[in-house]
Structures are given as structure tokens and as C-alpha cells.
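Novice: Have a look at this one.
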Amino acid sequence: MMARKSIAISTTAVLFAGLCYPALAGALRYANQGDLKSLDPYTLNETTTNAHLGHVYEGLTRRGKDLEIQPALAERWEISDDGLRWRFYLRQGVKYHNGNPFTADDVIFSAERVRMAGSNFTTRVPTSAKFVKVDDHTVDVVLTSPNPILNSQWDTWYIVDKEWAEANNATAPTPAAATTPSFASLNANGTGPFMIESHQAGVKTVFKRNPNWWDKPEHNIDEIVFTPISNDATRVAALLTGEVDVIEPVPVQDIARVNASANAQVLTGPELRTIFINFDSARDELLFSNVKGKNPFKDVRVREAFFRAIDINLIRDRVMRGLSTPSALMIAPELFMHSKDFRRPKFDLERAKKLLTDAGYPNGFEVGMDCPNDRYVNDEAICQAVVAMLARAGIKVNLSAQPKALYFAKAGKSGGYTTSLSLLGWTPGTFDSHNVLHDVMGCRDVPGSSRGETNYGGYCNKQLDTVTDEILVETDPAKRNELIKQAFKIATEDYSHIPLHQQALAWGVSKKVDLVQRADNQILFYWAKKE
């Protein structure tokens with residue numbers, strides 16, 4: 001018998017699977033500034049995409065309305081006394097949309113698939129973790145070292161049907177940079193509350209209610225019709241005229257106008273995402289710069305100069321219209337109790353110029369910058385403001401702003417991190433500092449390791465990695481928080497990145513629709529009610 005250290009939350013068995021829907025209200029129409037390119041759940045680790053696919057696919061766990069971890073495809077779990085074995089008891093009677101039964105084989109297959117080349121979710125499952133089938137509805141996960149947050153981001157590690165994937169040549173994940181769509185990028189087969197009826201990337205995706213869902217539904221939606229609308233004015237007009245029921249985001253300059261309208265309102269609130277700038281400090285020579293034979297970003301003085309040249313308060317006031325919170329750290333203050341002990345270095349243009357001169361660039365230099373233009377609130381406008389601010393310090397920035405599908409395929413892992421300077425946003429999937437320190441700030445120089453998967457600039461500090469590893473296994477909360485503080489101190493003193501701000505949530509919603517707004521900015525319609 002396996003010793004039981006703790007038993008996870010369990011839910012009462014659902015006796016009326018798929019039979020107790022509220023009176024259906026027909027279609028809910030939703031528009032976002034970005035597209036849903038691929039239906040493969042391992043292609044792109046991005047909040048909006050995860051939310052889209054979270055209607056179709058499910059993980060062993062899920063997050064509730066207050067972001068608490070809940071059982072999903074695993075109805076409960078146990079942890080051995082030494083913390084090296086987790087046992088997951090899988091929910092029985094669950095079927096995929098095509099009728100295939102959900103079993104332990106799917107979990108083991110998904111654990112292998114998510115760690116393959118091409119996946120953007122390799123950090124979801126530790127590289128060394130071994131998945132063992134106990135029986136058709138029980139799986140053991142054997143670890144080489146304790147990991148108290150093992151399942152904290154398994155709500156977006158979606159389980160894939162092994163039989164379906166093998167039958168359709170979809171055993172490998174689809175890379176974000178793929179130029180030819182795979183079967184899994186065009187089709188989906190999950191266990192979730194909605195099914196994909198049709199998908200035209202860049203045009204429209206239709207989700208249909210799953211009448212055989214295992215859980216008791218809380219929504220009254222028969223179908224979701226998603227249409228990407230990149231133009232801000234067109235997207236707002238569609239909401240105000242009733243063409244769509246929900247939009248995200250509402251441009252900050254239009255919030256008052258939407259709230260003054262007769263048929264729509266803006267749901268606002270703090271978001272846990274941090275917007276920041278990456279330096280390519282890894283390459284010996286920048287890919288996009290007039291500096292040859294060396295990399296200016298390897299010099300901490302240059303990184304500090306860029307930081308000091310950016311007036312974050314001006315970005316908050318002018319670009320974000322007051323709807324952002326300048327950040328000293330690469331994580332939202334709500335997620336780290338000691339964040340108040342850190343102060344953001346002040347804007348100081350003269351100091352920035354002196355630092356550049358001391359580093360050997362008295363006349364500045366030229367560098368390329370990559371930025372999405374349909375992913376974050378005012379993302380392109382932020383980048384344009386940064387370009388103008390850096391110009392005052394003598395830095396000429398050649399900005400490339402493009403749709404997120406192209407941006408991620410170039411600047412991200414699948415594109416070989418082909419960027420010299422880039423804007424990115426990150427909400428830690430675990431809602432814990434370790435995720436940021438490991439995934440975004442960790443060295444990516446160890447073959448086969450998932451560390452640094454989202455480290456677009458390749459920043460590497462082995463001292464930081466050592467402390468990050470200690471954080472993972474430390475179970476004493478006070479000691480763990482001190483280690484986190486130590487790690488962020490290392491990074492801030494080294495000017496590893498330029499954290500900018502936490503943006504505010506701004507969802508435009510018809511007054512006929514009730515939605516749950518979570519601080520992770522996932523719009524989930526399985527809680528939606530429409531009149």
C-alpha cells in the first residue's frame with residue numbers, strides 16, 4: 001500500500017451527466033483581437049488560446065472561478081510520504097466527443113506527447129517524471145525529487161485521445177512555426193463541455209454544446225461563435241450594435257463610451273499578467289543590429305541603460321490611460337508577498353546615456369525589436385512608445401509589429417527565438433514565482449531540459465537557476481518566500497529583463513450576458529448565462 005500524505009479535493013459524483021442543462025439561449029458571439037490558429041492543444045501556450053481550447057479539452061485538474069485547483073478528469077489524487085509518487089484516480093464513464101472512452105492510456109500518451117519536440121507546453125510535465133499505469137483508471141507519476149506544485153498548471157495540460165491521435169497521424173504536436181496545418185491543428189476531439197463544429201483559422205470557429213458532457217453544466221449556451229476582429233474600432237462597433245455579445249479587449253480609450261451605451265458594459269479588474277521586454281543576451285552577435293562581432297546586451301550597463309531610458313509612468317498615463325500598474329518585478333504583486341520590498345529603478349535619461357557611453361556606445365546603436373499587435377492591451381502602441389524613448393538615448397530601434405501567430409512563430413521556441421529585443425506578457429500558470437523563474441528567466445542551454453522554454457532572450461544566470469531549483473523542493477513557506485526574494489534580487493540587480501506593468505482586464509459584454517471574470521484573463525463560456 002502507498003502511504004498517504006494528503007488527499008486532494010474530491011467532488012461528489014455527477015449523476016446526471018449531460019441531462020440537466022438550463023434552458024438554452026442559443027448562440028453566444030465572441031470577438032477577440034487575436035486569432036485561434038491551431039486546435040492542437042500543445043501548439044501555443046498562450047492564455048487566449050488556452051481558454052478557447054479549454055471549452056473542448058480538459059486536464060486532470062481545472063481552475064475554479066476563484067482560480068482554486070479542482071478535480072477534473074482526475075477525481076482525486078494522493079501523494080506518498082516522501083513526495084516522490086503521486087497517484088491519480090481517473091474519472092470513470094467519461095467519453096471523448098467521438099465516443100471513445102477516456103482511460104489511463106490517454107494520460108500516459110498525453111504525458112509523452114506534451115514533452116515531444118514541437119510542443120510549447122514541455123514545462124507542464126517534468127522531463128524526468130515517469131507515468132505508470134496501475135489500471136485503466138489509475139495512474140502513478142513517479143518523480144526523481146519532490147515537487148509540491150506538480151499539478152498546479154495541469155488545468156491547461158489538456159488530455160488527448162490516444163486512439164484518435166494514432167488513427168489520424170497526430171501523435172506528435174504541431175509546432176507554432178508549422179507552415180502546413182496538421183490534422184490536430186484543424187480538428188479536435190476532447191472531453192469538454194463544447195465540441196468544435198467548424199474551424200476556419202482567421203475567419204470563424206464554431207463550438208457546439210456537448211450533450212454528453214460528464215459534468216453538470218452551469219451555462220445555457222447552445223453554441224459559441226468566435227470571430228477574430230483585429231481592428232479596435234470595428235470590434236467595439238460590433239459590440240455596440242449587438243453583432244457580437246462579448247469582445248476582448250476593449251481599447252482603453254473606448255471604455256467610457258461602451259459603459260455609456262444602452263446595451264453593453266465593460267468588466268474591468270486587475271490582471272495577473274506582467275508585460276515585459278526581453279533582451280537577446282545569449283548570442284555572441286545580435287541577429288538584428290549594426291553592432292558586429294559582439295552583443296551589447298551581454299553588458300549589464302547596456303541593459304540598465306535601456307531600462308532607465310523607458311519612462312514607465314508616461315506609458316501608464318498616455319498609452320494605457322491609467323489602466324496599468326508599473327512593475328518592479330517579473331511577477332504581479334498579488335502573487336508574491338515580498339514584492340513590496342522591491343522598488344522599480346527610476347526613469348533617468350541622462351544616466352542611461354552615461355551608461356551607454358561607459359559601455360562603449362556614446363552614439364548608441366541600432367537594433368531590431370519584435371512586438372505582437374493583436375495580443376496584449378495596446379501592445380503595438382507600447383512598443384512604439386518604447387522606440388521613441390530609446391531614441392532619446394541614442395538607440396535606433398527598428399520595430400517589427402505583427403499578428404501574434406507570426407510573432408510567436410518567429411520570436412518563440414518553434415522559431416528558434418529569432419529576435420534581438422521583444423515584448424512579451426506572462427501569467428504564471430501555477431500562479432507561483434517558480435514558474436516565472438524557471439520558464440521565463442531560466443537558462444535554456446541544457447539539451448533536453450524544459451527550463452527557459454519561454455525565455456525569448458536567452459538570459460542565463462546559473463546562480464539564479466540554483467536558487468530556483470531550491471525553491472521547487474522547499475516546503476516551508478517562509479523559507480521558500482525568502483528564496484524567491486533572493487532569486488528576484490539576483491535578476492533585478494542584473495537587469496535581466498525590463499518588467500513594464502500589469503495591464504487591466506477590459507471585457508466588453510452585452511447586458512444580456514453574465515460572465516465570470518477571472519484575474520488570469522481566461523474568458524470561459526461554460527459559466528456564461530445569456531438572456
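The values are calculated or read from the model by the stated rules, or taken from the named source; none is laboratory data. These figures come from a predicted structure and were not determined experimentally. Every residue, glycine as well, gets a Cβ built from its backbone with ideal geometry; the counts of neighbours run over all protein chains shown. With ligands, DNA and RNA removed, areas are computed over all heavy atoms of the protein, side chains included. Shrake-Rupley method; radii C 1.70, N 1.55, O 1.52, S 1.80 Å.
Novice: Exactly one of these conditions fails for THR468: (1) free of Cβ contacts under 8 Å to residues at least 60 places away in the same chain; (2) surrounded by fewer than 22 Cβ atoms within 10 Å (Cβ to Cβ); (3) polar (S, T, N, Q). Give me its number.
Specialist: Answer for THR468: the failing condition is (2).
Novice: Working carefully through the options GLU243, GLU223, GLU248, GLU271, find the one that is farther than 30 Å from GLN384 by Cβ, touching a strand residue (DSSP E or B) at 6+ places or on another chain (Cβ under 9 Å) and not aromatic (Phe, Trp, Tyr).
Specialist: GLU223
Novice: So if I check each of PRO251, PRO296, which one is more than 29 Å from the chain's Cα centre (by Cα) and touching a residue at least 12 places away in the same chain (Cβ under 8 Å)?
Specialist: PRO296
Novice: Going by what's in this entry, would TYR456 be described as hydroxyl-bearing (Ser, Thr, Tyr), closer than 23 Å to ALA305 by Cα, under 16 Å from the mean Cα position of the chain (by Cα) and surrounded by 23 or more Cβ atoms within 10 Å (Cβ to Cβ)?
Specialist: yes
Novice: Does region 398-424 hold any residues that are among the β-branched types (Val, Ile, Thr) and surrounded by fewer than 21 Cβ atoms within 10 Å (Cβ to Cβ), and which are they?
Specialist: THR418
Novice: Tell me which residues, restricted to region 53-107, are among the basic types (Lys, Arg) and more than 13 Å from TRP214 (Cβ to Cβ).
Specialist: Matches in region 53-107: ARG63, LYS65, ARG76, ARG85, ARG87.
Novice: Out of all the residues in region 275-302, which are buried (at least 18 other Cβ atoms within 10 Å of the Cβ), touching a strand residue (DSSP E or B) at 6+ places or on another chain (Cβ under 6 Å) and not small (Gly, Ala, Ser)?
Specialist: Hits for region 275-302 are ILE275, PHE276, ILE277, ASN278, PHE297.
Novice: Looking at GLY99, GLY64, GLY54, which is the one that is free of Cβ contacts under 8 Å to residues at least 12 places away in the same chain and under 25 Å from GLN522 (Cα atoms)?
Specialist: It is GLY64.
Novice: Could I ask something else about it? Only one of HIS438, HIS434 is open to solvent by 10 Å² or more (accessible area, probe 1.4 Å), within 26 Å of GLY269 (Cα to Cα) and in contact with a helix residue (DSSP H, G or I) (Cβ under 6 Å, 6 or more places away or on another chain). Can you tell me which?
Specialist: Every option except HIS434 fails the conditions.
Novice: Among the residues of region 469-520, which ones are assigned to a loop (DSSP other than H, G, I, E, B) and within 30 Å of ARG303 (Cα to Cα)?
Specialist: If the condition is that a residue be assigned to a loop (DSSP other than H, G, I, E, B) and within 30 Å of ARG303 (Cα to Cα), then ASP494, TYR495, SER496, HIS497, ASP520 are the ones that fit.
Novice: Next up: Contact list please: Cβ distance under 6 Å, first residue in region 219-241 and touching a residue at least 12 places away in the same chain (Cβ under 8 Å) and farther than 21 Å from ARG375 by Cβ, second residue among the polar types (S, T, N, Q) and surrounded by fewer than 22 Cβ atoms within 10 Å (Cβ to Cβ), pairs at least six apart or on different chains.
Specialist: Qualifying pairs under 6 Å: LEU240/SER261.
Novice: Select from region 31-70 the residues that are in a strand (DSSP E or B) and open to solvent by 10 Å² or more (accessible area, probe 1.4 Å) and write down the one among them that is farthest from PHE88 (Cα to Cα).
Specialist: ARG63
Novice: Which fully enclosed strands (runs of 3 or more DSSP E) of region 205-317 have 3 or more residues being among the β-branched types (Val, Ile, Thr)? Working first, answer last.
Specialist: Numbers: elements: 223-228, 246-248, 264-279.
Filter on region 205-317 gives 223-228, 264-279.
Novice: Hey, another quick one. Of all residues being open to solvent by 20 Å² or more (accessible area, probe 1.4 Å) and among the charged types (D, E, K, R) in region 363-397, which is nearest to GLN503 (Cα to Cα)? Just the residue, please.
Specialist: GLU380
Novice: Can you tell me which residues in region 504-514 are open to solvent by less than 30 Å² (accessible area, probe 1.4 Å) and either at pLDDT 95 or above or closer than 13 Å to ALA31 by Cβ (or both)?
Specialist: The answer is LEU505, ALA506, TRP507, GLY508, VAL509, SER510, VAL513.
Novice: Can you tell me which of GLU243, GLU218 is closer than 22 Å to ASP520 by Cα, surrounded by fewer than 21 Cβ atoms within 10 Å (Cβ to Cβ) and at pLDDT 95 or above?
Specialist: GLU218
Novice: Check off (1) touching a residue at least 12 places away in the same chain (Cβ under 8 Å); (2) farther than 30 Å from VAL473 by Cβ for ALA391 and give me the number that stays unchecked.
Specialist: For ALA391, the failing item is (1).
Novice: Continuing with this model, one more query. Filter region 135-171 down to the residues that are in contact with a Lys or Arg (Cβ under 7 Å, 6 or more places away or on another chain) and open to solvent by 30 Å² or more (accessible area, probe 1.4 Å), then identify the one that is farthest from PRO428 (Cα to Cα).
Specialist: Once the filter is applied, the top-ranked residue is THR171.
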